[in-house]
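Right, one structure below, let's go through it.
The values are calculated or read from the model by the stated rules, or taken from the named source; none is laboratory data. Computed from a predicted model, the values in this text were never measured in an experiment. Note that each Cβ is placed from the backbone with ideal geometry, even for glycine, and that neighbours are counted across all protein chains shown.
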């Protein structure tokens, strides 16, 4: 009996170890929707805390969309580089310079992932950042203060910086038509899949527990197609 069981045990352990080693790593480039205190780089501002802000009911990291996705999919977190209030472009609220926190500034710090989720555009929408023109090369520093050029600059960099990595853009619900159109146009140009979210439940403009679950389910449904 022992001679029979020991090889099986060794095989089981080796398979388990191999599975753990092969789990896909996920990185996130995001804004407040993807933050949680203690799970983002030091110095990045968070919106979700153990003590919820503004009546939002998300009071545990396990309730965030990305933690739910990792748990359900068997993946593990590589880097969550999310920053509350950040814009894709360098123009922030009240036309302030957000170069220190913009997506295009943080996009090089995502580790070595197998999958990247970019969840942005919400603050560009809320802050009324300039749209600018569609342009896919020759960006000047001034161009990067507008949304469309910055979107293109970001995806141009991301597709080159992270080859053979699955890149998905998560497009929030309830944004202006011109933001939706801009995101989908630029994503199509670079062959980046755009997951257009619908009907997300929110409290104070941010996903609630129900909304986080909806985001997770909609991502999984998209990837299952």
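Among the residues of the range 154-170, those identified as in contact (Cβ under 8 Å) with a residue 40 or more places away in the chain and surrounded by fewer than 22 Cβ atoms within 10 Å (Cβ to Cβ) are 157, 161, 162, 165, 166, 167, 168. Of the set (1) over 17 Å from residue 167 (Cα atoms); (2) loosely packed, with under 14 Cβ neighbours inside 10 Å; (3) without any contact (Cβ under 8 Å) to a residue 12 or more places away in the chain, all apply to residue 221 but (1). For the range 205-217, a residue qualifies if it is assigned to a helix (DSSP H, G or I) and touching a helix residue (DSSP H, G or I) at 6+ places or on another chain (Cβ under 9 Å), and the qualifying residues are 209, 211, 212, 213, 214, 215, 216, 217.
For the range 181-197, the set of residues classified as surrounded by fewer than 14 Cβ atoms within 10 Å (Cβ to Cβ) and outside any strand (DSSP E or B) consists of 181, 188, 191, listed by residue number.
Pairing residues of the range 68-91 that are at pLDDT 95 or above with residues that are surrounded by fewer than 19 Cβ atoms within 10 Å (Cβ to Cβ) and in a strand (DSSP E or B), at Cβ distances under 8 Å and at least 6 apart in sequence or on separate chains, gives 70/76; 70/77; 75/25; 76/25; 77/25; 78/25; 90/97; 91/97. Counting the residues of the range 81-97 that are within 14 Å of residue 143 (Cα to Cα) and crowded, with 23+ Cβ neighbours inside 10 Å gives 4. All conditions but one from (1) surrounded by 14 or more Cβ atoms within 10 Å (Cβ to Cβ); (2) under 19 Å from residue 126 (Cα atoms); (3) in contact (Cβ under 8 Å) with a residue 60 or more places away in the chain apply to residue 216; the one that does not is (2).
Taking the conditions (1) surrounded by fewer than 18 Cβ atoms within 10 Å (Cβ to Cβ); (2) modelled with pLDDT of 95 or more; (3) out of contact with any strand residue (DSSP E or B) (no Cβ under 7 Å at 6 or more places or on another chain) in turn, residue 51 satisfies each one other than (2).
Residues of the range 108-136 that are surrounded by fewer than 22 Cβ atoms within 10 Å (Cβ to Cβ) and on the phi > 0 side of the Ramachandran plot: 111, 128, 132.
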